[in-house]
Amino acid sequence: MALSPDRSLYIYSAHDTNVANTLQALKVFNGILVPYTSAVLRELNSSYYITVSYKNSTTTEPNLLQLPGCESLCPLDQFIELTKDVIPDGLNTECPEKVEAGKKYLIQIPAAGNAIFVFMRPVLCVTYPLSE
């Protein structure tokens, strides 16, 4: 399984609320305010296992997390099964309003999670046609 385009690393930046949403979606959020510079690290190794770590300090190493229903070293297929309820199915599923080609739209996304493996939180959106 190769990443597309052919890359071995993707890095995304997000706000503290995105970090909290990601932790919540993974069912590992402890309810404590997410400090500035925090990060959720998701690593897929060559044996198709995922590890999830939380770095909430610049002075300590990341904490390895264990997702409910999986070991710390979680098989990819099990990870996908555990997170399928928070992975968007696509634009037509998440935003079912018909969109016409060539027309301008304003799309509001009031609740979206960290989009890395941009998966982790369903996207709720409202689409409004813009008047010319």
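Values computed for the structure shown
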| quantity | calculated |
| --- | --- |
| Segment 78-87 - residue that is out of contact with any strand residue (DSSP E or B) (no Cβ under 6 Å at 6 or more places or on another chain) and either within 18 Å of VAL40 (Cβ to Cβ) or loosely packed, with under 10 Cβ neighbours inside 10 Å (or both) and, of those, modelled with the lowest pLDDT | ILE87 |
| Qualifying residues in segment 41-64 (those that are touching a strand residue (DSSP E or B) at 6+ places or on another chain (Cβ under 6 Å) and β-branched (Val, Ile, Thr)) - the one nearest to ASP77 (Cα to Cα) | ILE50 |
| Filtered residues of segment 33-74 (kept if in contact with a Lys or Arg (Cβ under 7 Å, 6 or more places away or on another chain) and either surrounded by fewer than 12 Cβ atoms within 10 Å (Cβ to Cβ) or of a type in the set (Phe, Trp, Tyr) (or both)) | PRO68 |
| Pairs, first closer than 29 Å to TYR54 by Cα in segment 72-100, second among the small types (Gly, Ala, Ser) and modelled with pLDDT of 70 or more, C-beta under 7 Å, six or more apart | LEU82/GLY69; VAL86/ALA25 |
| Residue within segment 43-53 that is in a loop (DSSP other than H, G, I, E, B), at pLDDT below 85 and under 20 Å from ASN18 (Cβ atoms) present | no |
| Selected residue (criterion: surrounded by the most Cβ atoms within 10 Å (Cβ to Cβ)) from residues of segment 22-32 that are of a type outside the set (Val, Ile, Thr) and part of a helix (DSSP H, G or I) | LEU23 |
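The values are calculated or read from the model by the stated rules, or taken from the named source; none is laboratory data. Here the structure is a predicted model, which is why all the values come from computation and not from measurement. Because the Cβ atoms are built from the backbone with ideal geometry, glycine has one as well, and the counts that use them run over all protein chains shown.
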